[in-house]
Each structure stands twice: as structure tokens, then as C-alpha cells.
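Colleague: One structure is given below, represented as C-alpha cells, and several questions about it will come after.
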Amino acid sequence: MARYLVSRLAVVIPVVLVVLLITFTLGYYAPGDPILIIYGEDLYRLRPEDLARMRRNLGLDRPFWEQYLDYMGRTVRGDLGRSIASKVPVNRLLASSLPISLQLGLLAGVVLALLGIPLGVLAALRHNTLLDYLIVSLALVVRSVPVFVLAPLLLILLVLQLKIMDVPAAWKGIATPAVVLPVILLAAYPLADVIRQTRAGVLEVLQEDYVRTARAKGLTLILIITRHVLRNALIPVVTSLGLIVNGLIHGSVYLDRIFNIPGFGNLVVTGIQRLDFPVILGTTVFSALLVIAANLVVDLIYPFLDPRVTYSGREGR
Amino acid sequence: MSRNQKLDLSHSAEEQSDARDQMAGNRGLWRDAGRRLVRNRLSLVGIFVLSILFALAIFGPSVAPYPFMEQNLKLISEPPSADHWLGTDQLGRDVLSRILWGARTATTVAIFVTTISLGVGIVLGGVAAFAGGMADWLIMRLTDVVMSVPSIMLALLVNTAIKKPVAIWYEDLYEQTGWALFRSTTFLDYLIVLGALAVVSFPGYARLIRGQILSLREREYVTAARSSGVPFARILFRHVVPNALGPVIVAATFGFSGAMVMEASLSYLGIGIQPPAASWGAMINDSLMDWRYEPWLLAMPAIALAISALGVNYLGDGLNDALNPRIAAERAETKGER
């Protein structure tokens with residue numbers, strides 16, 4: 001296990017370093033001289049020698065590689081720099097927005113499990129019937145149509161046409177009815193994957209001998225599904241955790257503005273709009289780390305889920 | 001219980017008709033695929049939507065009732081009427097005309113992004129598969145890195161970061177050539193969006209093509225051809241390329257709708273294609289403020305984008321079933337593998 005962890009980390013760490021290199025390079029050549037952004041129009045009143053001193057103080061005159069190593073060192077220590085627009089450390093911005101997105105994300109995860117898995121099982125049990133086609137089409141719709149299209153259409157339908165809900169106003173915490181729509185929409189994009197994976201998994205496991213045995217000895221359908229089928233059928237769902245995290249990040253970026261949620265997506269979008277590069281780089285690096293960590297977790301728990309797989313030689317993936 | 005057993009044993013209607021096709025004799029791979037494609041109702045819908053989209057992209061702007069940036073300040077945010085079928089927007093522009101121009105934006109970006117990233121993917125995937133060793137390792141790690149960053153975040157970052165360098169280069173080009181093309185900021189936006197989207201979408205194609213080549217290379221017919229002295233280029237174009245084409249066409253179809261959606265999302269987030277050029281994503285963005293009072297402004301571009309993305313994905317699903325019948329039969333359950 002320890003050796004396996006080390007070998008996985010040996011793959012992951014270079015990936016992280018190259019991600020940092022790419023984000024840094026993009027930020028290095030990006031628009032907006034940091035000094036110009038810090039001082040704005042006052043810049044033109046400064047003397048050239050003062051400017052040069054400031055560049056030196058900020059380390060902007062050093063060669064690319066030195067700056068990169070410095071940036072890498074700071075990032076590894078967890079320092080993502082300071083927002084240019086608000087002068088607040090990016091860490092603190094993340095710390096105030098992440099808990100909100102995390103709560104929404106966890107709720108969306110619950111929706112995914114409670115909606116995606118039963119729908120997937122149902123579609124597999126009614127394979128090639130109308131119900132199956134309906135569920136598969138639903139999955140195709142939520143995967144094809146982005147949430148920034150679904151959300152406005154749903155709002156128009158629910159608020160203006162059916163009048164069954166109010167306009168979602170400002171963020172008032174997780175325990176309010178206003179979170180229902182954002183959470184469902186947040187779950188929409190990864191829902192397609194969960195339904196597809198569950199359906200595929202159940203269809204495959206239903207063909208197994210042990211399921212036929214369970215049937216032959218007269219177990220009820222519920223017991224067969226919960227005891228024998230789901231255990232193996234859900235492995236691909238769990239292993240697509242990286243995909244799910246990715247989908248939640250996408251959802252947050254699109255939805256936070258529509259529903260006025262001060263979460264991760266809001267931080268990203270305001271950073272982009274203000275060309276606030278420390279924020280843009282920090283959120284990008286953070287989201288990449290999140291996806292990489294999710295995939296690492298999957299790799300580590302995979303052998304527990306499927307005992308046929310060992311840490312040394314993995315099969316079936 | 002009994003229903004389940006029956007379902008497990010029954011073969012789908014498509015498998016049975018496939019068997020009939022095979023018995024009817026050798027009718028050609030592509031004609032078979034075409035027959036399978038038009039038998040699928042959803043892919044017909046997809047073909048219909050894609051044809052409409054292409055038709056709108058080509059002819060839409062010339063049949064549009066008004067120029068896309070003509071403002072009529074007497075008619076601001078008017079609901080749909082006889083003069084303006086889909087109403088007017090916040091600046092008094094005709095929404096129908098802008099939707100039609102938006103179709104051209106969406107289609108152009110999607111075609112170019114798909115072509116560029118597929119081209120890059122073919123080159124990198126081909127080099128990785130044939131060169132092997134260090135080149136393979138490097139190219140695969142590169143795709144790992146790009147794919148580990150959520151695509152929207154990477155596209156946003158690349159888009160904002162390359163904006164200024166590309167704009168400078170673009171000005172130089174204008175000074176050197178004097179071509180009017182290099183004065184249009186819309187064309188500049190297109191270039192930047194194309195760059196950002198190509199960066200996020202090439203790794204998928206590169207991996208697919210590498211995988212296809214590696215698996216096809218080991219097939220018996222390739223070994224047979226090689227051992228009988230058929231030259232490499234002939235093996236490549238006779239055996240490998242035609243067999244790899246199916247999955248690549250399917251991936252490119254899904255990639256097409258993906259690129260269309262990504263362009264809309266960049267424009268929706270306020271970067272990407274800038275006003276006054278028409279983009280469905282930017283139209284959604286512009287109408288988010290007052291959607292309660294002007295819902296048609298929000299609904300029209302949203303519906304246009306939803307129908308286009310869904311239609312193209314229907315076609316992708318249909319193509320997947322039609323072009324990869326063996327995979328489709330083995331795993332009929334994984335509809336629309338990405």
C-alpha cells in the first residue's frame with residue numbers, strides 16, 4: 001500500500017508541477033503589468049528609477065525560471081499570492097467562498113446519489129423499454145445542454161409561467177428553499193455520467209452467474225439488486241469521482257452568477273472580469289489540484305471496492 | 001422477475017436486423033453504416049438539426065430581416081411583434097437577426113475548433129503511437145496535464161492570457177499586410193477563442209488516435225499485410241485509417257457540439273466573442289439582468305443553443321451505433337461513450 005501510494009505520487013507530483021508551470025507561463029505573458037494594475041493612472045507620475053526599484057522589490061526583474069521557482073515554492077507552501085483588485089490574499093478569498101460551494105457540492109452529491117443511481121438501475125432493469133429510453137434521453141439532455149441554458153429556461157418556466165417559486169435572491173445560507181434549484185442544476189451535468197455508469201454497470205452485472213444463482217434460489221428483486229448487483233455495478237460510478245468533481249466545478253462557475261451565490265464560481269468569474277491574475281491562477285491551480293486529488297483518492301480506494309484488484313497489478317480498468 | 005429474464009435473453013431489434021444485413025451479402029461498410037444511421041429516429045433528428053444549423057450559418061445572415069447591429073432606440077426591449085418576430089433587445093436590435101448571426105458564430109467556431117484540435121490530435125497521437133518511447137511518454141504526460149485542469153478553467157485562463165499577446169501580433173500583421181481582415185476585432189476574438197478551445201480539446205483526440213493505432217496495429221490483417229511485404233504507407237491508409245475513422249468521426253461529432261457549448265460559455269462569462277458581434281452565449285449573458293421583465297431575450301438564445309447542442313449529440317449517438325456496430329452490440333448499454 002505504501003509503495004503503491006509512492007508510485008502514484010511519483011506520477012501525480014510531476015503533473016502538478018507542470019500544471020503550475022503552464023499556469024505561471026500563461027500568467028507571465030498575460031495582459032496587465034502588475035505595477036500598472038496596482039498603481040493605475042498614478043503610474044505615469046512615478047519616476048523611471050522608482051519604477052525600476054518597485055519592479056525589483058516585487059521580483060519582476062528576475063529571469064523567468066527564478067520567478068517560476070519562487071512561484072512554485074510559494075504555491076507548494078499554500079500561498080497563492082494576493083488579489084490585485086482587492087489586495088486580499090487569494091487564500092482568504094478561497095477560504096470565504098469554498099465552504100459555500102462545498103456545502104452546495106455535497107448537497108448536489110446527495111441529489112446525484114438519490115436520483116442518478118435509482119434512475120440508472122431502473123433504466124437497466126427495463127432495458128430497451130420506453131422507460132429506459134426516457135431515462136437515457138434525460139441523461140443525454142442534461143449532458144448536452146449546459147446549465148447556463150437550463151437554468152434560465154427553468155427560471156422562466158417556474159417563476160414566470162407556473163409561478164410556483166420566487167426569484168432566488170441573495171445567498172442566505174444552505175438551509176433555505178432558495179438552494180433547491182441551484183443544487184439540482186449543479187447536479188445536472190454530472191447526473192448524466194452517474195446514470196450512464198450505473199445503467200451500464202447494472203446491465204453488465206445482471207449477466208453474471210451469481211445473479212442467476214441468486215434468482216434461481218428465489219431471492220426478491222430488491223435483495224438481488226441491493227446485495228448482489230449494486231455492489232459491483234457501482235464501482236465505475238465511484239471511480240468517476242474525478243469526473244463528478246469536474247462537473248461540480250463547471251456548474252459552480254456557471255451557476256453562481258445566475259443565483260447570486262458568493263461561491264467558488266463567483267470568485268473565478270469576478271477574477272476573470274477584473275483581469276485579476278493572482279485570483280485566476282489561484283483558482284485554476286486549486287481546481288486542478290481538486291480533480292487530481294479526487295483521482296488519487298479513487299486510485300487508493302479502488303482495491304477496497306474491488307478485491308480482484310491489487311495495488312501492484314490492476315486489472316479491468 | 002420473469003420480465004427481467006425475458007429481457008436478458010431477448011436480442012434487440014437492431015442486432016437482429018444487423019444479422020440480416022450481414023446475410024444479405026457484402027454491401028460495403030459505409031453503406032451499411034448509413035442504413036443503420038437513417039434507421040435511428042434520433043439521429044435523423046440530429047441530421048435535421050445540423051442541416052438547419054449549417055443552412056442558418058450560410059444563409060441566415062442574408063435572410064435576416066435586419067442588420068445584426070442596427071439599433072432602433074425607439075424600440076428597446078420590445079416583446080415579439082409582427083415587425084420583430086422575436087422582439088428586440090436592450091439596444092433595440094432585432095433578436096431574430098442576432099440569433100441568425102449567432103448561428104454563424106457558433107457553427108464557425110465549432111467547425112474550426114474541431115478541425116484544428118483534431119489535426120493536432122492526429123499528429124500528436126500518430127507520433128506517440130508510431131514513435132513510441134520517449135515521444136509517446138512526453139505526449140501522453142502532456143495530455144494528462146491538460147486534462148487534469150477542468151476544461152472551463154483552462155479555457156478561461158488561456159483566453160484571458162493570450163488576449164494581449166495575440167492582439168499585439170495581430171496589429172503587427174495589419175501594419176505589415178494592410179489587410180482589412182486584421183482590423184476586425186471580431187476576427188481577433190475568433191482567433192483567441194479558437195486558440196483557447198483548441199488547447200482544451202486536443203488531448204482527447206490525441207489519446208483516441210493513439211489508442212486506435214496501437215490496437216489496430218496488432219490486428220491479424222495488419223500482421224498479414226506486413227508479413228507479405230505491403231509498404232507501411234499502404235498499410236496505414238488501407239487498413240489502419242479506414243478502421244480508425246468510425247470512432248474518430250463519432251468523437252468529432254461530440255467535439256463539435258462541445259466546442260459550440262464552450263464558445264457559448266466563454267461568451268456567457270463575458271469573455272470570448274465580444275459585442276457587437278452576435279453570440280448566443282453573450283446574448284444569454286446580456287439578458288440575465290432583466291430576465292424577469294424581458295424573458296424572451298433570455299429564452300431565444302437559450303433555446304437555440306439547447307436545440308443545436310442536443311441535436312448534434314443525437315447525431316453523435318446515432319453515428320456511434322451506426323459506425324461501431326460491434327462495440328455498440330457488445331456494450332449496447334453505454335450510449336454515447338465520450
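The values are calculated or read from the model by the stated rules, or taken from the named source; none is laboratory data. These numbers were taken from a predicted model, which means no experiment stands behind them. Neighbour counts are summed over all protein chains in view; Cβ atoms, including those assigned to glycine, are modelled from backbone coordinates with ideal geometry.
Colleague: With respect to B:ALA259, determine if the residue is within 14 Å of chain A (Cβ to nearest Cβ), within 23 Å of B:TYR190 (Cα to Cα), of a type in the set (A, V, I, L, M, F, W, C) and without any contact (Cβ under 8 Å) to a residue 60 or more places away in the chain.
Modeller: Details: within 14 Å of chain A (Cβ to nearest Cβ): yes; within 23 Å of B:TYR190 (Cα to Cα): yes; of a type in the set (A, V, I, L, M, F, W, C): yes; without any contact (Cβ under 8 Å) to a residue 60 or more places away in the chain: no.
When the stated conditions are applied, B:ALA259 does not pass them.
Colleague: Which members of segment B:280-317 meet the condition of being without any contact (Cβ under 8 Å) to a residue 24 or more places away in the chain and facing chain A (nearest Cβ under 9 Å)?
Modeller: The initial filter retains those residues of segment B:280-317 that are without any contact (Cβ under 8 Å) to a residue 24 or more places away in the chain, namely B:282, B:284-285, B:288-289, B:291-292, B:295, B:298-299, B:302-303, B:306.
Once the filter is applied, which keeps residues that are without any contact (Cβ under 8 Å) to a residue 24 or more places away in the chain and facing chain A (nearest Cβ under 9 Å), segment B:280-317 yields B:ILE284, B:ASN285, B:LEU288, B:TRP291, B:ARG292, B:PRO295, B:LEU298, B:ALA299, B:ALA302, B:ILE303, B:ALA306.
Colleague: Specify the residue that is farthest from the other protein chains (Cβ to nearest Cβ); the eligible residues are those in segment A:116-137 that are part of a helix (DSSP H, G or I) and surrounded by fewer than 17 Cβ atoms within 10 Å (Cβ to Cβ). Spell out the reasoning first.
Modeller: Of all residues in segment A:116-137, those part of a helix (DSSP H, G or I) come to A:116-125, A:130-137.
With the extra rule that they be surrounded by fewer than 17 Cβ atoms within 10 Å (Cβ to Cβ), the set shrinks to A:118, A:130-131, A:133-134, A:137.
Details: A:PRO118: 16, A:LEU130: 13, A:LEU131: 12, A:TYR133: 9, A:LEU134: 13, A:SER137: 8 Å.
Top of the filtered list is A:PRO118.
Colleague: So, A:LEU51, is that one touching a residue at least 12 places away in the same chain (Cβ under 8 Å), over 18 Å from A:LEU17 (Cβ atoms) and in a helix (DSSP H, G or I) or not? Talk me through it step by step, then tell me what you get.
Modeller: Numbers: touching a residue at least 12 places away in the same chain (Cβ under 8 Å): yes; over 18 Å from A:LEU17 (Cβ atoms): yes; in a helix (DSSP H, G or I): yes.
Spelling it out, A:LEU51 is indeed touching a residue at least 12 places away in the same chain (Cβ under 8 Å), over 18 Å from A:LEU17 (Cβ atoms) and in a helix (DSSP H, G or I).
Colleague: Being acidic (Asp, Glu) and either loosely packed, with under 12 Cβ neighbours inside 10 Å or within 14 Å of chain A (Cβ to nearest Cβ) (or both) is the filter here; which residues of segment B:172-192 pass it?
Modeller: So the first thing to find is which residues in segment B:172-192 are acidic (Asp, Glu), and the list is B:172, B:175, B:189.
Of everything in segment B:172-192, those that are acidic (Asp, Glu) and either loosely packed, with under 12 Cβ neighbours inside 10 Å or within 14 Å of chain A (Cβ to nearest Cβ) (or both) turn out to be B:ASP172, B:GLU175.
Colleague: Here's something else I'd like to know. Answer yes or no: is there a residue in segment A:161-172 that is in contact with a Gly (Cβ under 9 Å, 6 or more places away or on another chain), in the same structural domain as A:LEU114 (by TED's automatic domain parsing), closer than 30 Å to A:PRO262 by Cβ and not in a helix (DSSP H, G or I). Working first, answer last.
Modeller: Filtering segment A:161-172 down to residues in contact with a Gly (Cβ under 9 Å, 6 or more places away or on another chain) leaves A:171.
Cutting the leftovers down to in the same structural domain as A:LEU114 (by TED's automatic domain parsing) gives us A:171.
Next, from what is left, pick out any that are closer than 30 Å to A:PRO262 by Cβ: A:171.
Now restrict to residues that are not in a helix (DSSP H, G or I): A:171.
Checked segment A:161-172: at least one residue is in contact with a Gly (Cβ under 9 Å, 6 or more places away or on another chain), in the same structural domain as A:LEU114 (by TED's automatic domain parsing), closer than 30 Å to A:PRO262 by Cβ and not in a helix (DSSP H, G or I).
Colleague: What do you reckon, is A:LEU191 assigned to a helix (DSSP H, G or I), more than 11 Å from chain B (Cβ to nearest Cβ) and over 21 Å from A:LEU114 (Cα atoms)? Please lay out each step first, then the result.
Modeller: Details: assigned to a helix (DSSP H, G or I): yes; more than 11 Å from chain B (Cβ to nearest Cβ): yes; over 21 Å from A:LEU114 (Cα atoms): no.
Judged against the criteria, A:LEU191 is not a match.
Colleague: Do you know which of the residues in segment A:237-279 that are among the small types (Gly, Ala, Ser) and touching a residue at least 60 places away in the same chain (Cβ under 8 Å) is nearest to A:PRO118 (Cα to Cα)? Don't jump to the end; show me each part of the working.
Modeller: As a first pass, look at segment A:237-279 and keep what is among the small types (Gly, Ala, Ser): A:240, A:242, A:247, A:251-252, A:263, A:265, A:271.
In the following step, the residues that additionally are touching a residue at least 60 places away in the same chain (Cβ under 8 Å) were identified as A:251-252, A:263, A:265, A:271.
On the way: A:GLY251: 22, A:SER252: 25, A:GLY263: 30, A:GLY265: 29, A:GLY271: 39 Å.
Restricting to residues being among the small types (Gly, Ala, Ser) and touching a residue at least 60 places away in the same chain (Cβ under 8 Å), the top hit is A:GLY251.
Colleague: Would you tally the residues in segment B:274-311 being of a type in the set (Val, Ile, Thr) and crowded, with 24+ Cβ neighbours inside 10 Å?
Modeller: Applying the first criterion (of a type in the set (Val, Ile, Thr)) to segment B:274-311 yields B:284, B:303, B:307.
Right, trim to crowded, with 24+ Cβ neighbours inside 10 Å and you get B:284.
Adding up the residues that qualify gives 1.
Colleague: When segment B:225-268 is examined, which residues are found to be of a type in the set (Gly, Ala, Ser), exposed (fewer than 14 other Cβ atoms within 10 Å of the Cβ) and part of a helix (DSSP H, G or I)?
Modeller: As a first pass, look at segment B:225-268 and keep what is of a type in the set (Gly, Ala, Ser): B:225, B:227-229, B:233, B:244, B:246, B:251-252, B:255, B:257-259, B:264-265, B:267.
Restricting the remaining residues to those that are exposed (fewer than 14 other Cβ atoms within 10 Å of the Cβ) gives B:227-229, B:233.
B:SER227, B:ALA233 - these are the residues of segment B:225-268 that are of a type in the set (Gly, Ala, Ser), exposed (fewer than 14 other Cβ atoms within 10 Å of the Cβ) and part of a helix (DSSP H, G or I).
Colleague: Among the residues of segment A:212-222, is any in contact (Cβ under 8 Å) with a residue 24 or more places away in the chain, in contact with a helix residue (DSSP H, G or I) (Cβ under 6 Å, 6 or more places away or on another chain) and on the phi < 0 side of the Ramachandran plot?
Modeller: The answer is no, given that none of the residues of segment A:212-222 is in contact (Cβ under 8 Å) with a residue 24 or more places away in the chain, in contact with a helix residue (DSSP H, G or I) (Cβ under 6 Å, 6 or more places away or on another chain) and on the phi < 0 side of the Ramachandran plot.
Colleague: Which one of B:VAL166, B:VAL199 is surrounded by fewer than 20 Cβ atoms within 10 Å (Cβ to Cβ), β-branched (Val, Ile, Thr), in a helix (DSSP H, G or I) and within 14 Å of chain A (Cβ to nearest Cβ)? If you could, list the steps in order and put the result at the bottom.
Modeller: On the way: B:VAL199 fails: surrounded by fewer than 20 Cβ atoms within 10 Å (Cβ to Cβ).
None of the other options fit; the residue is B:VAL166.
Colleague: Here's a follow-up. Residues that are small (Gly, Ala, Ser) and modelled with pLDDT of 85 or more: which helices (runs of 4 or more DSSP H) entirely in segment A:199-304 hold 3 or more of them? Before the answer, list the steps.
Modeller: Numbers: elements: A:209-216, A:230-233, A:235-239, A:241-258, A:264-273.
Answer list for segment A:199-304: A:241-258.
Colleague: A follow-up question, please. Please state which of the following conditions B:LEU214 fails to meet, knowing it meets all the rest: (1) out of contact with any Gly (no Cβ under 7 Å at 6 or more places or on another chain); (2) within 27 Å of B:ASN159 (Cβ to Cβ); (3) touching a residue at least 40 places away in the same chain (Cβ under 8 Å).
Modeller: (2)
Colleague: Would you call A:LEU106 assigned by TED's automatic domain parsing to the domain that holds A:LEU221, touching a residue at least 40 places away in the same chain (Cβ under 8 Å) and outside any loop (DSSP other than H, G, I, E, B)?
Modeller: no
Colleague: Modelled with pLDDT under 90 and either of a type in the set (Phe, Trp, Tyr) or part of a helix (DSSP H, G or I) (or both): does that describe B:SER215?
Modeller: Values: modelled with pLDDT under 90: yes; either of a type in the set (Phe, Trp, Tyr) or part of a helix (DSSP H, G or I) (or both): yes.
Yes, satisfied.
Colleague: For B:SER51, indicate whether it is modelled with pLDDT of 80 or more, closer than 21 Å to B:PRO276 by Cβ and surrounded by fewer than 17 Cβ atoms within 10 Å (Cβ to Cβ). Before you say what the answer is, go through the steps one by one.
Modeller: On the way: modelled with pLDDT of 80 or more: yes; closer than 21 Å to B:PRO276 by Cβ: no; surrounded by fewer than 17 Cβ atoms within 10 Å (Cβ to Cβ): yes.
Answer is no for this residue.
Colleague: Return the residue satisfying two criteria in turn: it lies in segment B:269-296 and is outside any helix (DSSP H, G or I) and among the aliphatic types (A, V, I, L, M), and of such residues it is modelled with the highest pLDDT. I'd like the intermediate steps shown before the answer.
Modeller: Start the filter on segment B:269-296 by keeping residues that are outside any helix (DSSP H, G or I), which leaves B:269-279, B:287-294.
Add one more test, that the residue is among the aliphatic types (A, V, I, L, M), and what stays is B:269, B:271, B:273, B:277-278, B:288-289.
Details: B:LEU269: 90, B:ILE271: 87, B:ILE273: 86, B:ALA277: 83, B:ALA278: 85, B:LEU288: 84, B:MET289: 80.
The residue in question is B:LEU269.
Colleague: A further question on this structure: Here are some residues: A:LEU267, A:LEU290, A:LEU255, A:LEU241. Which one is over 22 Å from B:SER265 (Cβ atoms) and either out of contact with any Gly (no Cβ under 8 Å at 6 or more places or on another chain) or more than 11 Å from chain B (Cβ to nearest Cβ) (or both)?
Modeller: Details: A:LEU267 fails: over 22 Å from B:SER265 (Cβ atoms); A:LEU290 fails: over 22 Å from B:SER265 (Cβ atoms); A:LEU255 fails: over 22 Å from B:SER265 (Cβ atoms).
Checking each option against the conditions leaves just A:LEU241.
Colleague: Only one residue in A:THR220, A:THR198 is within 32 Å of the chain's Cα centre (by Cα) and among the β-branched types (Val, Ile, Thr). Which one?
Modeller: Working: A:THR220 fails: within 32 Å of the chain's Cα centre (by Cα).
Within the list A:THR220, A:THR198, the selection yields A:THR198.
Colleague: Another question, if that's okay. Restricting attention to segment B:61-85, report how many residues are in contact with a Gly (Cβ under 9 Å, 6 or more places away or on another chain), closer than 22 Å to B:SER308 by Cβ and surrounded by 16 or more Cβ atoms within 10 Å (Cβ to Cβ).
Modeller: Within segment B:61-85, residues that are in contact with a Gly (Cβ under 9 Å, 6 or more places away or on another chain), closer than 22 Å to B:SER308 by Cβ and surrounded by 16 or more Cβ atoms within 10 Å (Cβ to Cβ) number 1.
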